[in-house]
Structures are given as structure tokens and as C-alpha cells.
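Single-structure report; data block below.
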Amino acid sequence: MIMEKGFVENGFIIDLSTAQNTTQLVFELSSIMEHPDVKGKQICLKLGNLDLKQSQLLSIKALIESMNASIAFIDTESEQTEASAVSLGIIVSKVSENENAQIIQPQKFSDADEEKVIVKEEETKTVEVSADMDMPSGPVETAEGVEDIYDEMSTEELSEVIPSESFDRTDFGAFAANEGLLPNEETSKYILLDTGNVLPEGIEENSDSTGSMPTLYLNQTLRSGQTVSYEGNVLIVGDAHPGSEIVAGGDITVWGILGGIAHAGSNGNVSAKVRALKLNAIQLRIAGLYARRNDTLNVPYVQKSNEFTPEEALIENGKIVIYKKLRRD
Amino acid sequence: MTGRVIVITSGKGGVGKTTTSANIGTALAKAGYKVVLIDTDLGLRNLDLLLGLENRIVYTIVDVIEERCKLKQALVKDKKNPNLSLLAAAQTRDKTAVNAEQLKEICNTLKEKNDFVLVDCPAGIEQGFQNAVAGASEAIVVTTPEMSAIRDADRIIGLLATKEEITSTKLLLNRVRPNLIKSNEMMSVDDVVGILEIPLVGIIPEDTGIITSTNKGEPIVNDEDALAGKAYRNVAQRILGEEVPFLDLDEPKGIVAKIKNAFAKLKAKV
Ligand SMILES: Nc1ncnc2c1ncn2[C@@H]1O[C@H](COP(=O)(O)OP(=O)(O)O)[C@@H](O)[C@H]1O
Ligand SMILES: [Mg+2]
């Protein structure tokens, strides 16, 4: 990522005009948006001649707003994109020649060529697993709005465009430090309960691969009082309401809003993960570590939303940390 | 130490048992007493939400009974007041997971180390009610000034009278709206006390602040300005044996109201 120093009142220009397709664009934008400096800022998006449908632009807007930033205006060459923007009330304008704002621009996409092969392999693997899990390819009813970002992405396309640098571990690490379980009560989303290690007697800590465990696939809403308990992984397509409880020997994945208790790696598996399109669990438990949602986020009623910021929780150095998006090892 | 075990019950659902438990418990704890609240509404627990403690619950009363943890481990300390703790109900189980004998034992253990054990009872007169009442020696019956709630309260008072262990049964009238009483659209306090014939321990006004306080997980007694908060603080003081006049809910009052007020006070002392 090249950052050219400049200045502007509380704003940035993000230049995505070199993106060749929407997938590339969304991906680049999301990794740029993770930069802490971008938070809370006014953003001007340079979109070049890429054609964006209204739904796609809406998803992009949601992505930016989910990082507490907002779109000041967009600069586009495409009539289609312009029409989409107008229909969404987004201002269309031109970045002036002598604009002083800081320009953020992804490295030329072709630079990632070398890495393509490796990425491709990883992605293929992932796709296979998804197929096993019966992931529906069509729009998901309970998660309206989400499909927009993905609807134009064939998996093949996806495997080609992800620049490997976007998976830079140190970047994510820094992010996790901001979002994860730090002792700071003010800023942590989750705070460890001082229950000590709550593994039942006779159960030993392990880090068996969750990838080889069987998976329970559920396409339903989990309501208050309902429990799902399974020795392997649990995949729920739908929301898990507050008051519900999911206990899995392996990973827990909720394609929807996770609002209840989620206990992954319940047999002591410290490599288990909890992931959700919206991670709002009242309590996160992985193996013997229990964490509560910060009181400042304590909303006892179900808060439904069509805006999603997928997150993944896992144990790192004896703490539960949260990543803003899926990580590939 | 032998603390007092008080069950908060009603017969009818939604009249304010849980709200009352949370508020009286908080008020007593603020007054310096050690208090444990027990939620016995298995499968429909709420008390943790009202106190904003849901995210801290690891063990529930069912875990205690089924010996997955010690009683002490299951007590969740209040965020603000270390004198107050909660024994939560299990959300994923039903009433049959607990029996009266087990609840009685828990109450007996808890009252040795606490000044007050308040038991939030589920609606109905079946097992949940029988469980909740089992360890108690006092009862507060919550009702609203509605015929159906009063009818159910009457039924509960009758059932409580058959329990030897219950030595005191008092009435808490909730969601009172002075305006409606004035325009004869709501039964007055005296009407209700007249029907139920048990001493009054509190009159709580209808207060929209209760809804916001529930959503925030913060009992309204913590709000110094709220009228309902004041009313609940007064209930706590009465439980502690003090004589506190009933709140004047109807600000500009006439001589009739004064007499009524005095009447209610008189009844309360019976
Ligand atoms: N005095 C009051 N003013 C306004 N709303 C009240 C009052 N008391 C209770 N409520 C509301 O009534 C509903 C039921 O109260 P709750 O305490 O849960 O009843 P119960 O435990 O008897 O079922 C809740 O939504 C609560 O906010
Ligand atoms: Mg209740």
C-alpha cells in the first residue's frame, strides 16, 4: 500500500481506479479500511471506469460506515456507477487536480502475480470445505444484504485477485490488539471472566485439527432457550438469538448474528474458533477460557441489522482475540 | 446469621415480580445488607437482564443442583454492589429440573451467610410456584390494579395461607396510575387492599423509566429522581421495619386523598 503524504480536513482519497473488477475493489477497500487512521474519516472514493450496481455500491457504503467512516463523494468515469450513486444519495464529483488530501492507493494489482499460485491453492481448499458443509450458493434469507457483496464473485475470480500481502499477519495482529481481549475494560469487546480455566475434570487441553471433525449443519434460527451441542463443528445458517447456547467440540460458524453463548472447543480444544457475520455473543468460550461481552455493549434485546462485519475469535497467547475477517494460515 | 427468605410472587405473569425483585434486592444491598437474588423462572429467566448481569453467568441453579459446581461459584456478584449477588435460572432447562426440596436446601444454605434471600417466582401455581415458595418464610404478592391480576393474587394468597412456613404475606401494588384512579377508570389502592385484605408494603407508580432501565440492565432504584425508584426504596425501608409514609403519587391532592392515604398506611401496619 502506498501512502502519499498530503493533508485535508479530516479526510482521505482512496484511489481504487486501478481495480479490475468489483471483487478486487471490495477486497482492497476492506484492507485499506482496516488501517486505524482511516477510522472516523471522510472518504473520497476514486472508482475509475468500473461499473457498480446499486446493490454493490450500497455494500461498499456499508463497509465504509462499518468502520465509522463515511463517503464524502465518489469520483467515477462510469455512467452506471454514477446512476447507482445518485439513487443512493451519494454525491458524485471529481477530485480536483490540486487536491491536497492524502491519497491511499493499493499497490498495482499485477504486482501480486507471483503469489497467485499459492493463494489459488489455499482458496481451492477452502472452497472444497465449504462444499462439504453444504454452504448454499444462493442468497441467504436470514442475512439479507450480505449477498450483495458476493453476488458477482465466482470462486475462481476470488482465487485470482487476493493479493497475498492482504494476509499480512502483523497487520492483523495489530488490529487484534485493538479489538481483542486486552485488560482494558474501556476498549475491549470481550473481557475474560476470572473463572480460571473451566475445563471439566478429566479433560485435557489439546489442539486437534478441527478441520477433520464432522460438521453439524443447521439452517434455522436458534431461539432463546435452545441449545445445540455437538462433538464436531457447528455451522448455523441463521441467527443465534440471545439466550441460546451453542456448544461444539470444534469450531462454531454462524452465518448470521451470533447473540447467545458460544462455546467452541468444548473438549479442551484450544485451536477451535468462533466466527460469525456479526459477533455479538453475550459470552464467548473457547476450550476452558470464558469471556463476557463488555458491559458497554450490553444490549439485552435482539439487535438485528443488515450490516455485517464478519469476525473470528480464537485463542492466541492464552487470550481470546478477535480478527475482523477470516485469516488463512 | 439467619437471614430472611422472601418470595416475590403473583400468580399472573407480567405484573412486575422480576422488576420488584431486582429493585428491592438492589435497594437492600445499597442499604448495606447482604442480599442474594434467586431467579426460579427456569427457561424464562429475566432477572439477570434487569441487573445487566447476563454476560457474567457461567453456572446456574441447575448446575448447583446437579453438582456441576459449588453454590458459591454460581453466585454472580453485581457490577456495582458487592453486597448483592444473583443465582441465575437455567435458560435452557424447564421447571422439572428443580424440586421444592432442593430449592429449600439452597435457601437454607444461603440464609446462613446473607441478610436477605429474595426468590423471584415464575407465574402460575404449579411446580415453579411450589419450588419458589418452599424455602421462604415471608411472601410479597405483586399485583396490578386489574381485576384479572387481583383474582390471581387472591388465589395465591389463599395458597400461601396453607403453607405453615410462610409467616407474613404482604401486598405490593404495581403500575398504579393516579390519573386513571381519579377518573374512576382504575381501581384505587383502597379498592385493591379492600379486596385482598393483606397489609400493603408498597405502591409503585406506572413509570416509563422502568422500561428504559430494564433495557439498560440497571434497576430504577439507582435513579435518584425516578418516582418508581423512590417507591421501591421505600418498600425496602418498610421491609427493614421502618415506618415510611406511602408516596404521594398524585401531587395536587385533596382532603379525600389524604384520608385515603392515611387509610392505606393504617392497613399496612395491621
Ligand atoms: N411500575 C411499572 N411501570 C411501567 N412498567 C412496568 C412497571 N412494572 C413492571 N413494568 C413492566 O412490565 C413488564 C413485566 O414486568 P416483570 O417484572 O417482568 O413481570 P413478571 O416478573 O411478573 O412477569 C416489564 O416489561 C416491565 O418493564
Ligand atoms: Mg418474571
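The values are calculated or read from the model by the stated rules, or taken from the named source; none is laboratory data. Quantities reported herein were computed from a predicted structural model and do not represent experimental measurements. Note that we place each Cβ from the backbone using ideal geometry, even for glycine, and neighbour counts take in every protein chain shown. To get the accessible areas, we keep the full protein, side chains included, count just its heavy atoms, and leave off ligands, DNA and RNA. Shrake-Rupley method; radii C 1.70, N 1.55, O 1.52, S 1.80 Å.
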Seminar exercise, completed: With criteria (1) farther than 13 Å from B:Gln91 by Cα; (2) more than 14 Å from ligand 1 (Cβ to nearest atom); (3) open to solvent by 20 Å² or more (accessible area, probe 1.4 Å), B:Val58 comes up short on (1)
For this session: Find the residue count for segment B:12-48, including only residues that are more than 8 Å from ligand 1 (Cβ to nearest atom) and among the basic types (Lys, Arg).
Result: 3
Exercise. Would segment B:201-223 turn up any residue that is away from chain A (no Cβ under 14 Å), part of a loop (DSSP other than H, G, I, E, B) and more than 15 Å from ligand 1 (Cβ to nearest atom)?
Worked result: no
Problem set entry | Filter pass, B:Thr92 being within 14 Å of chain A (Cβ to nearest Cβ), farther than 26 Å from B:Glu206 by Cα, open to solvent by 10 Å² or more (accessible area, probe 1.4 Å) and away from ligand 2 (no atom under 16 Å from the Cβ) | yes
For this session: Return the residue satisfying two criteria in turn: it lies in segment B:1-16 and is more than 16 Å from ligand 2 (Cβ to nearest atom) and over 11 Å from B:Leu118 (Cβ atoms), and of such residues it is farthest from the other protein chains (Cβ to nearest Cβ).
Result: B:Thr2
Exercise. Do you know which residues across segment A:214-237 are open to solvent by 10 Å² or more (accessible area, probe 1.4 Å), more than 11 Å from chain B (Cβ to nearest Cβ), part of a loop (DSSP other than H, G, I, E, B) and not hydroxyl-bearing (Ser, Thr, Tyr)?
Worked result: A:Pro214, A:Asn219, A:Gln220, A:Glu231
Exercise. Do we find a residue being within 16 Å of ligand 1 (Cβ to nearest atom) and at pLDDT below 95 anywhere in segment B:2-11?
Worked result: yes
For this session: Please name all residue pairs, on different chains or six or more residues apart, with Cβ atoms under 8 Å, provided the first residue is in segment A:219-238 and is at positive phi and the second residue is crowded, with 19+ Cβ neighbours inside 10 Å and of a type in the set (Phe, Trp, Tyr).
Result: A:Gly238/A:Trp255
For this session: Taking the residues in segment B:114-130 that are of a type in the set (A, V, I, L, M) and in a loop (DSSP other than H, G, I, E, B) as candidates, determine which candidate is nearest to ligand 1 (Cβ to nearest atom).
Result: B:Ala123
Problem set entry | Matching entry among A:Leu258, A:Leu297, A:Leu289 (being among the hydrophobic types (A, V, I, L, M, F, W, C) and open to solvent by less than 10 Å² (accessible area, probe 1.4 Å)) | A:Leu258
For this session: Considering only residues that are farther than 17 Å from A:Val198 by Cα and open to solvent by 10 Å² or more (accessible area, probe 1.4 Å), look in segment A:274-286 and name the one that is nearest to the other protein chains (Cβ to nearest Cβ).
Result: A:Asn280
Exercise. When you go through B:Lys182, B:Lys80 one by one, which is the residue that is at pLDDT below 95, basic (Lys, Arg) and either touching a His at 6+ places or on another chain (Cβ under 7 Å) or under 19 Å from B:Asn23 (Cα atoms) (or both)?
Worked result: B:Lys80
For this session: Answer with yes or no whether A:Val274 is modelled with pLDDT of 95 or more and in the same structural domain as A:Ser207 (by TED's automatic domain parsing).
Result: yes
For this session: Evaluate segment B:131-144: report whether one residue or more is within 12 Å of ligand 1 (Cβ to nearest atom) and closer than 22 Å to B:Ala31 by Cβ.
Result: yes
Seminar exercise, completed: Residue count, segment B:17-39, condition more than 13 Å from chain A (Cβ to nearest Cβ), near ligand 2 (Cβ under 10 Å from one of its atoms) and open to solvent by 10 Å² or more (accessible area, probe 1.4 Å), comes to 2
Exercise. For segment B:28-53, which residues satisfy the criterion of being out of contact with any strand residue (DSSP E or B) (no Cβ under 8 Å at 6 or more places or on another chain) and under 17 Å from B:Lys216 (Cβ atoms)?
Worked result: B:Leu49, B:Leu50, B:Gly52
Problem set entry | Within segment A:8-115, helices (runs of 4 or more DSSP H) holding 3 or more residues that are at pLDDT 75 or above and over 21 Å from A:Phe308 (Cα atoms) | A:79-87
For this session: State whether one or more residues within segment B:188-197 are surrounded by 19 or more Cβ atoms within 10 Å (Cβ to Cβ) and either within 16 Å of ligand 2 (Cβ to nearest atom) or part of a strand (DSSP E or B) (or both).
Result: no
Problem set entry | Verdict on B:Leu50 being within 13 Å of ligand 2 (Cβ to nearest atom), surrounded by 24 or more Cβ atoms within 10 Å (Cβ to Cβ) and more than 14 Å from chain A (Cβ to nearest Cβ) | no
